[in-house]
1. At a threshold of 8 angstrom on Cα-Cα distance, excluding pairs fewer than six apart, so keeping six or more, what relative contact order does the stretch 220-351 reach in percent?
2. By how many nm would the segment from residue 92 to residue 143 grow when fully extended, if each residue of separation counts as 0.36 nm and the alpha-carbon distance is taken off?
3. Find out how many positive minus negative residues lie around residue 286, taking Lys and Arg as positive, Asp and Glu as negative, among other residues whose Cβ is under 14 Å from that of residue 286.
4. So for the pair residue 167, residue 449, with labels modelled 7 Å out along Cα→Cβ, what separation do we get in nm?
5. Towards the positive end of the charge dipole of the chain, with charges on Cβ (+1 Lys, Arg; -1 Asp, Glu), say which of 247, 367, 214 has the farthest Cα.
6. Quick one: which of 434-445, 186-197, 359-370, 377-388 comes out on top by average Cβ neighbours within 10 Å, and what's the full order, highest first?
7. Summing -39500 (n - 2.57) over the DSSP H runs of n ≥ 4 in the chain and dividing by its residue number, what mean residue ellipticity at 222 nm do you reach, to the nearest 500 deg cm²/dmol?
8. Any chance you could get the radius of gyration and Dmax over the Cα atoms of the chain, in Å?
Amino acid sequence: MLSELGSNLAIATVLSGTFVVLGSVLSSSWSHYSKVRKAMISTEASPTELFKSSIVRNILLDPWSSVKKRAKAWSFLFRGPQVIQEGYNKANGAPYEVFAPDNRYVLVSSDKHIREIDAAPDSVLSLQAAAKQLIQPKYTMHNFDWFDKRGVDGTPLVRTLRALLTNHIPDILPDIHSATSAIFDQQLDSVPLRDGAKSVPLYPMVKEAVVFSNALAFFGPELAHDKAFLKSATDLIERTLLMAEIIRLVPGCIAHAAGRILTYRYATDKAVHDALLPVVERRLEERAQEKLGHSVAIHKDCIQWIMETSPKTKPWSGDRIVHELMALWFGSVHIVTTTICFAVHDLCLHPEYLEPLRKELQGAQRVGFEKSGKGLLLLDSFIRESARTTPVESMSTRRQALQPFSLSGGWKVDVGEWVCTPVRAMMKDPVYYAEPQEFHGFRFVDPGTLQEFGDGPDFKMPQRGDCAQLTDLDWQFWGTGRMACPGRFYAAAVMKTIIGLFITKYDLQLSEPEKSRWFIWRTSTYPKPSTAVLLRSRLDRIDFDL
């Protein structure tokens, strides 16, 4: 599916680029002709005298400059991380701007400016409006046209993820662990054994595990075991990316028509909506029956929690709950799957870390993880370092301006434009990390903690004294401040569970380590679905049981 995404995005880019560049030439030419004509009238100068003016010369020649600017903006689609890094290197800590085909982004990296973003009210800078532009839910999520400002009709999802799901992690992890182990075994059963190993594409293997885990936590066991539903829900994620990109890239005058055509062509959102709605409506009926004193089934999943925490004065309808669940689904599967894939790549590239990680996963440290979903400090540090060196995203803390916004120092963000942090560039900056270009899997581990696992390789710890953890907010991975990802504790626990199974069940290596393992689109880095790992079952393993 990612291969289809890449090829279709390329086609959309070529077609959209042709329309927009031609439009730039025509509109710029007419605009600048009008300016020259007005200048001639106002100054009563002859054309020859007027052309001697550098201003007018620039106006006459500017249409081609506009084309160059547009071409550079379109190149952002294929080299976004590089464009952001180049701007970051020149800015020297100050704000700077980059242009995409559809918007202008102002990027900030100083603590002062990041705090200004976080302090701005939702009516001025909106995360929700940026997400709305990003995924175009009106077309990709069954006509879900959410508000630009968060909390207009309540925030049950925030409480659901931050409190209820987080508290439920110890209850659900054993089921996620056993189901993921079974998924791995099932996928490997059909793969021939060659030289004692089985070669399997990593991305589909991880995606299936994450999809089931999240379906279980969000929708409950009924839908998590419905294979037809899981297929539609899986397709929804990547088709949402494809559809949203096409709608954002085509000229505005045909965006609505393009959205309607794509909605008709890809009916995945309807399939997911129609599968979720009867389940949600049944839960609403159960709630009504419970209020009348009847005994009803007990459910512990996000459907139930969103329903129970929706506004009491104006409870959400079944359709509104389903829309919220669809948005949650899109945001959860993609990032977790990609982060796990890159961490497994790093395990293959740095096998010296496997033994201490196995000792941690099979030792007393796992008890704390079982009880809380937190801990496993060696694995925690390894995942954080992997996400630092190969981040999924190059931008974080996205906010769209709903009103004009000014940063201290004079930088302005107009309505519709975004202000963001260049998270990838910051993670590679020696100001924040010692030896930033080097991979140090235990960079964030206290040396005393590592000594508990006995003698082994002499791991370098350039960040000595920095015992930061994966779920901390100091590194922009989860966003910023009050708008940081409320589901990060659940996401981190799922990552550790799935990666832990790779570590304890298999000896692993990349099938073709010299090949490229990812591709770029806009600001995102995606693992190539074709990248395969060689898995050898560890006959002497002690299972990482929960």
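1. 26 percent
2. 14.1 nm
3. Charge balance near residue 286 sits at -1.
4. 2.7 nm
5. Of 247, 367, 214, it is 247.
6. Taking the mean over residues of other Cβ atoms within 10 Å, the ranking is 377-388, 434-445, 359-370, 186-197.
7. -19000 deg cm²/dmol
8. Cα radius of gyration and Dmax of the chain are 25.7, 92 Å respectively.
The values are calculated or read from the model by the stated rules, or taken from the named source; none is laboratory data. All figures in this text were calculated on a predicted structure; none of them were measured in a lab. Positions of Cβ are generated from backbone atoms using ideal geometry, with glycine treated the same way; all protein chains shown enter the neighbour counts. Side chains are part of the model used for accessible areas, which takes the heavy atoms of the whole protein and leaves out ligands, DNA and RNA. Shrake-Rupley method; radii C 1.70, N 1.55, O 1.52, S 1.80 Å.
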